[in-house]
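Scroll down for the structure; my scribbles are underneath it.
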Amino acid sequence: MRLIYIIACCGILGMAALWLGKLHLIRRKPALLTAAAGVLLAGVLTLCAVLPQNNFYGQVITSVPVQKKLVALTYDDGPYLPYTLELLQVLQEKNVKATFFMVGENAFKKQEAVRIVSRQGHEIALHAGTHRDLLKLDREAIAANIDSGKTTLAWLSGQDIKFMRPPHGFRDWAVMAEIRQAGLTAVNWSVIPRDWTNPGTDVIVDRVCSKVFPGAIILLHDGDSPKNAASRQQTVEATAAIIDRLRSEGYEFVTVSQLVAAKEEK
Ligand SMILES: [Zn+2]
């Protein structure tokens, strides 16, 4: 079932109720109530699709309950040069492993960068084949998008691709079904410093460090899909400072796979 169809039906129902009310074929109050219910239902379902931590359409990992102070740094939209390679330099110097949610199209263009990320021991996960809003694609196009991205990343990295973060974190029943069908687990985030707006290195660091908690998944960006135009220098610099500050507070950095494996069983 697609969210976009339900929203369209809600809109048609609301408009029809208002018209019938205007033509006095139904009474004004039920007409207004029907229109309001349509708007409310469409609004709630849309919110569930765009809120990163909502599980209405299916289970999405946004953090993991752990006893130790573990956190996962994740980077979206790459590979994107020179920033992906600059970021790798920082992670190597600090001896930190991260998770890169790559775009298949970018990976195909920057194949050596994917191989280097993988060789340095970072986890590679899927963001998408191309950075499209999957809510606007039909089922076949969603499946093709996911399959092309997963195949490209597995081929270039040699890794078993396990996780997917849909573009913008948006999903509905069909998107979640196709993610599952591809053998992937959906992952969003629990800490979002909005680094893609380039608010300043210190702001990014403060936003992360003030919101972090054991088991958190931190969303950062080494890329700028689909435009591939903005600088990611602030994210590179912020990463070094985030690692230093959180380490001083006792945090350890792990990949998403390691975080999930450390899950505290209740
Ligand atoms: Zn993205």
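Points worth noting:
- Pairwise label distance in nanometres, Gln59 with Lys227, each label 7 Å out on the Cα-Cβ vector: 3.8
- The packing ranking, built from the mean of other Cβ atoms within 10 Å per residue, places the peptides 170-177, 240-247 in the order 170-177, 240-247, highest first.
- Ordered from longest to shortest, the equivalent ellipsoid semi-axes for segment 52-110 are 26, 19, 6 Å, each the square root of 5 times a Cα gyration tensor eigenvalue.
- The Rg/Rh ratio of segment 62-200, with both radii computed over alpha carbons and Rh defined as the Kirkwood radius, is 0.96.
- FRET efficiency, 1/(1 + (r/R0)^6) with R0 22 Å, evaluated for Gln92 and Lys263 via beta carbons: 0.20
- Stokes-Einstein diffusion for the chain at 37 °C, viscosity 0.692 mPa s, with a Kirkwood radius from C-alpha pairs, works out to 167 µm²/s.
- Mean Cβ neighbour count within 10 Å, used as a protection proxy, ranking 231-239, 95-103 highest first: 95-103, 231-239
- The chain - mean residue ellipticity at 222 nm from DSSP helices (-39,500 (n - 2.57) per run, n ≥ 4, rounded to 500): -15500 deg cm²/dmol
- Whether segment 157-266 is rounded, prolate or oblate, judged on the alpha carbon gyration tensor where a/c under 1.5 counts as rounded: oblate
- All Cα pairs of segment 3-50, percent lying beyond 15 Å: 42
- A simple spin-label model places the labels of Ser248 and Ala37 5.8 nm from each other, with each point 7 Å out along Cα-to-Cβ.
- Of Lys94/Lys263; Lys136/Lys263; Lys69/Lys136, pairs whose Cα-Cα distance is over 30 Å: Lys136/Lys263; Lys69/Lys136
- Shown here is the pair-distance distribution of segment 103-185: with all Cα-Cα distances grouped in 10 Å bins from zero up to the longest one, the shares run 20, 54, 23, 3 percent.
- Coordinate range of the alpha-carbon atoms in segment 1-143 per principal axis, descending: 73, 40, 23 Å.
- Peptides ranked, highest mean first, by Cβ atoms within 10 Å: ranges 250-257, 67-74: 67-74, 250-257
- Between His221, Val191, Pro52, the Cα set farthest toward the positive side of the dipole of the chain (charges on each charged residue's Cβ, about the Cα centre) is that of Pro52.
- Charged-residue dipole, Cβ positions (Lys, Arg, Asp, Glu), the chain about Cα centre, Debye nearest 20: 960
None of the figures in this text is laboratory data; all of them are computed from the coordinates on show. Keep in mind that this is a model prediction, so the values were computed, not measured. Reconstructed Cβ throughout: ideal geometry from the backbone, glycine too, with neighbour counts over all protein chains shown.
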